[in-house]
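Q: Handing you a structure now.
The values are calculated or read from the model by the stated rules, or taken from the named source; none is laboratory data. This is a predicted model, so every value here is computed, not measured. Don't worry about glycine lacking a Cβ; one is built from the backbone with ideal geometry, like all the others, and counts go over all protein chains shown.
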Amino acid sequence: MTGRAWKFGDNITTDHIAPGRYFHLRSNLEELAKHVLEDARPDFPLNVKKGDFVVAGVNFGSGSSREHAPTIIKLVGVEAVVAKSFARIFYRNAINIGLPAVICDTSLIDDGDLLSLDLSAGVVVNHTKGLEIRFPPLPDTMKKILEVGGLIPYIKRFGDLQL
């Protein structure tokens, strides 16, 4: 996975990710995705590219448990969300829909930096700065869920007894 970093600050809520004024679009995720993170960065939904990364500070995804929040991030082509910490419900929802959510020190990543992510090795490479940022590798089950595209494909393939 290699792409550009889109840097956000601390406490990005699910209302920043999926603005409440677009609640009526929750059954049309493709349309809702056109507004992803626009309250935090108006330029994001217009300019994000497939393979890019969302990079944030602490408490990313706090607020209501809008499961469509990580879904619309994934729909616009974001490869992964990398943050210092996540709200628990957002973190699980992200993994469950097949969007990698990585906890690491993001202070060494700036907006526009070129990043690579290796989930197995537990490393984010900042190619712009020539740095490696290590993180604890995800548990094997989580890696398998991400590899097959989310929890539903995982259960279809392996059954729920493997969890």
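Q: Name the residues in segment 122-155 that are of a type in the set (G, A, S) and within 17 Å of the chain's Cα centre (by Cα), would you?
A: G122, G149, G150
Q: Return the pair list, or none, for Cβ contacts closer than 7 Å from residues in segment 72-92 that are farther than 14 Å from S62 by Cα to residues that are charged (D, E, K, R), at least 6 apart or on different chains.
A: L75/E30; G77/K49; G77/K50; G77/D52; V78/D52; E79/D52
Q: When you check G20 against the structure, is it small (G, A, S), under 18 Å from I89 (Cβ atoms) and free of Cβ contacts under 8 Å to residues at least 12 places away in the same chain, yes or no? Write out each step before concluding.
A: Working: small (G, A, S): yes; under 18 Å from I89 (Cβ atoms): yes; free of Cβ contacts under 8 Å to residues at least 12 places away in the same chain: yes.
The answer is yes for G20.
Q: Okay, next question. Being among the acidic types (D, E) and closer than 18 Å to A83 by Cβ is the filter; apply it to segment 21-66 and report the residue that is modelled with the highest pLDDT.
A: Per the stated criteria, the residue is D52.
Matching residues to (1) closer than 22 Å to D105 by Cα; (2) out of contact with any Lys or Arg (no Cβ under 6 Å at 6 or more places or on another chain):
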site	(1), (2)
F8	yes, yes
Y22	no, yes
A33	no, yes
V55	yes, no
T71	no, yes
G77	no, no
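Q: May I pose another question? Please go through segment 105-121 and give me each residue that is surrounded by fewer than 20 Cβ atoms within 10 Å (Cβ to Cβ) and either assigned to a strand (DSSP E or B) or within 14 Å of the chain's Cα centre (by Cα) (or both), ordered by number.
A: Within segment 105-121, L114, S116, D118, L119 qualify.
Q: Something else now. Need the failing condition index for V78 against (1) closer than 23 Å to I152 by Cα; (2) at pLDDT below 95, just the number.
A: (2)
Q: Taking the conditions exactly as written (in contact with a strand residue (DSSP E or B) (Cβ under 9 Å, 6 or more places away or on another chain) and either free of Cβ contacts under 8 Å to residues at least 60 places away in the same chain or not basic (K, R) (or both)), does N11 satisfy them or not?
A: It is true that N11 is in contact with a strand residue (DSSP E or B) (Cβ under 9 Å, 6 or more places away or on another chain) and either free of Cβ contacts under 8 Å to residues at least 60 places away in the same chain or not basic (K, R) (or both).
Q: Return the pair list, or none, for Cβ contacts closer than 7 Å from residues in segment 110-122 that are of a type in the set (G, A, S) to residues that are modelled with pLDDT of 95 or more, at least 6 apart or on different chains.
A: Going by the 7 Å Cβ cut-off, the qualifying pairs are G112/R4; G112/A5; S116/V125; S116/H127; G122/R134; G122/F135.
Q: Which condition number in (1) over 20 Å from K143 (Cα atoms); (2) surrounded by 21 or more Cβ atoms within 10 Å (Cβ to Cβ); (3) of a type in the set (A, V, I, L, M) is the one that A80 fails?
A: (1)
Q: Now a separate question. Can you report the number of residues in segment 125-162 which are β-branched (V, I, T), out of contact with any Phe, Trp or Tyr (no Cβ under 7 Å at 6 or more places or on another chain) and either at pLDDT 95 or above or in a loop (DSSP other than H, G, I, E, B) (or both)?
A: 3
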